[in-house]
Amino acid sequence: MEPRHFPIRACPVCGSQRFQPLFRQSFAQLSATNLMEGYTVVICDDCGAGFANDIPPQSVFDDYYRDLSKYEDSSAPSAVPPPVDQKFRDVAVLIQRFLPGPGPRILEIGSASGGLLKALRDLGCSDVFGLDPSPACVAAASRLYGIPGVVGTVFTAAAHGETYDFLILTGVMEHIRDLDRAIDQFRLLMRESGRIYLEVPDASRYDATLDAPYQEFSVEHINFFSRSSLVNLMQARGFRTIEAGCVVRSLHEVTVPCTYGVFEYASVPQAIEPDTETRPGLSAYIAGCAAEDARIRRAIDESLEPGEQMVVWGVGTHTLRLLSTGGLDPSRIALFVDSNPKYQDQELRGVAIVDPARLQSRREPILVSSRSSQQAIHKQIRHGLRLRNPLILLYGREPGGHREELDPVLDTSAGASASLE
Ligand SMILES: [Zn+2]
């Protein structure tokens, strides 16, 4: 399929239209979605920032996050809310140092199920609000933790007329196409002497060994910030940097090097200092991913018997990229499976996507097409669904991948030989 071409995207940090391509990322698309078939990772000639070019307009992303959110808490409603992730507690402790005055009014943009706001409230911040494009996320934050919130995006938040002492966006800025417009909205939302905390994956420290190959170039990531690009972005628009630094966060079963900054509006734009860390960081990452990509393709090929078909579990970036680049052959795929109900009953390259519950009658090997959730999926297959299908596991203990077979005679309890726990 020919890649679709969108108008040139100017550098989101400095506005330049001069840039060099580093890598073309490609995705197969689900039958009922039309986000994009890929993008080109480029480096700005003028400021050195990294970003995705050849992407659709902001409104297409807004629809996608409203309709296809994967950030919802899917656990069954229960009387006891789930414990807040350690990651959220760590971010809350970092943020606490920068909160202005007593009793600050805090807004988190992209608040998902409310974990970070709950962690802040546990530290004594009572005046916290969430904002998320997904109605189910806003409902979950309220149900689980009693966090008040509204449905919306950074582009609609100011319409409510409220202002705040502190804004928080973690894992959001890398998803926003129109950053200039977003930063205009920050100013409308911030009180005088208000502050903003931004945290994003650090493109100068992406590491091919920490997640699946090219996973940082996901369907949703379209800005590749380093610490210096994040600082440039804000300082060029009149913000003063109070602190900028680097951290490592855990995300499901992988770790992600991140960079963060705390900013205050100072009305005086500052000159951009060219970012010299993003290009070498991304180039090293891309080279490392090429080797890892070759390894997992070999592992998939070698795991199947001649003529054998498989079930592929997961239809996220990991699967969409492999399908689009020949790493998965649709003729070898009997079914796709995904736990997110929003993907079920769609198709991918003509093959149905079904609910995991529909695997009970299937005997094909199941490819676990994820690194960040490989162990959780393994556990769900063996312990939740009690399935005995062979499993193809690409990450972990063996460099060539691993086909896990349960012995149907000797092993009477499904999961007794589960190997990754
Ligand atoms: Zn630039």
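All told, residue 370 meets the bar of being outside any strand (DSSP E or B), within 21 Å of residue 35 (Cβ to Cβ) and not assigned by TED's automatic domain parsing to the domain that holds residue 259. So which of 361, 331 is assigned to a helix (DSSP H, G or I) and surrounded by fewer than 17 Cβ atoms within 10 Å (Cβ to Cβ)? The match here is 331. So, residue 283, is that one at pLDDT below 95 and surrounded by fewer than 16 Cβ atoms within 10 Å (Cβ to Cβ) or not? No, not satisfied.
When residue 192 is tested against (1) free of Cβ contacts under 8 Å to residues at least 60 places away in the same chain; (2) surrounded by 20 or more Cβ atoms within 10 Å (Cβ to Cβ), only condition (2) is not met. Only residues that are under 23 Å from residue 220 (Cβ atoms) and assigned to a loop (DSSP other than H, G, I, E, B) were counted across the stretch 101-146, and they come to 7. Taking the stretch 14-53 as the range and being polar (S, T, N, Q), part of a strand (DSSP E or B) and either closer than 17 Å to residue 206 by Cβ or away from the ligand (no atom under 16 Å from the Cβ) (or both) as the test, the residues that pass are 25, 26, 40. For the stretch 245-272, the tally of residues that are within 16 Å of the ligand (Cβ to nearest atom) and surrounded by 13 or more Cβ atoms within 10 Å (Cβ to Cβ) stands at 2.
The residue that is nearest to residue 182 (Cα to Cα), among those in the stretch 1-13 that are within 10 Å of the ligand (Cβ to nearest atom) and touching a strand residue (DSSP E or B) at 6+ places or on another chain (Cβ under 6 Å), is 12. Is it the case that some residue within the stretch 113-130 is in contact (Cβ under 8 Å) with a residue 60 or more places away in the chain and surrounded by fewer than 16 Cβ atoms within 10 Å (Cβ to Cβ)? Looking through the stretch 113-130, none of the residues is in contact (Cβ under 8 Å) with a residue 60 or more places away in the chain and surrounded by fewer than 16 Cβ atoms within 10 Å (Cβ to Cβ). Just so you know, in the stretch 59-111 the residues that are within 21 Å of residue 376 (Cα to Cα) and basic (Lys, Arg) include one that is modelled with the lowest pLDDT, and it is 70.
Filter the stretch 91-112 for residues that are surrounded by 16 or more Cβ atoms within 10 Å (Cβ to Cβ) and of a type in the set (D, E, K, R) and give the result. Across the stretch 91-112, the qualifying residues are 105, 108. When we screen 304, 323 for residues that are under 25 Å from the mean Cα position of the chain (by Cα), crowded, with 18+ Cβ neighbours inside 10 Å and of a type outside the set (Phe, Trp, Tyr), the only hit is 323. In the set 377, 353, only one residue is part of a strand (DSSP E or B) and either under 20 Å from residue 68 (Cβ atoms) or touching a Pro at 6+ places or on another chain (Cβ under 6 Å) (or both); that residue is 353. Per the listing 214, 206, the residue uniquely under 13 Å from the mean Cα position of the chain (by Cα), under 23 Å from residue 53 (Cβ atoms) and outside the structural domain of residue 394 (by TED's automatic domain parsing) is 214. How many residues, within the stretch 308-347, are farther than 26 Å from residue 39 by Cβ, of a type outside the set (Ser, Thr, Tyr) and modelled with pLDDT under 95? Qualifying residue count, the stretch 308-347: 3. Whenever a residue of the stretch 196-214 is closer than 11 Å to residue 174 by Cβ and modelled with pLDDT of 95 or more, its partners that are of a type in the set (Asp, Glu) and assigned to a loop (DSSP other than H, G, I, E, B), lying with C-beta atoms within less than 8 angstrom and at least six residues away or across chains, give the pairs 201/216; 203/216. When the stretch 216-240 is filtered for residues that are surrounded by 17 or more Cβ atoms within 10 Å (Cβ to Cβ), away from the ligand (no atom under 16 Å from the Cβ) and more than 21 Å from residue 286 (Cα to Cα), only 239 remains. Here is a check on your reading of the model: is residue 273 farther than 30 Å from residue 187 by Cα and charged (D, E, K, R)? For residue 273, the condition - farther than 30 Å from residue 187 by Cα and charged (D, E, K, R) - is not met. Is it the case, given these coordinates, that residue 406 is modelled with pLDDT under 95 and in contact with a Gly (Cβ under 9 Å, 6 or more places away or on another chain)? Answer is yes for this residue.
The values are calculated or read from the model by the stated rules, or taken from the named source; none is laboratory data. Nothing here was measured: the structure is a model prediction, and the numbers come from that model. Don't worry about glycine lacking a Cβ; one is built from the backbone with ideal geometry, like all the others, and counts go over all protein chains shown.
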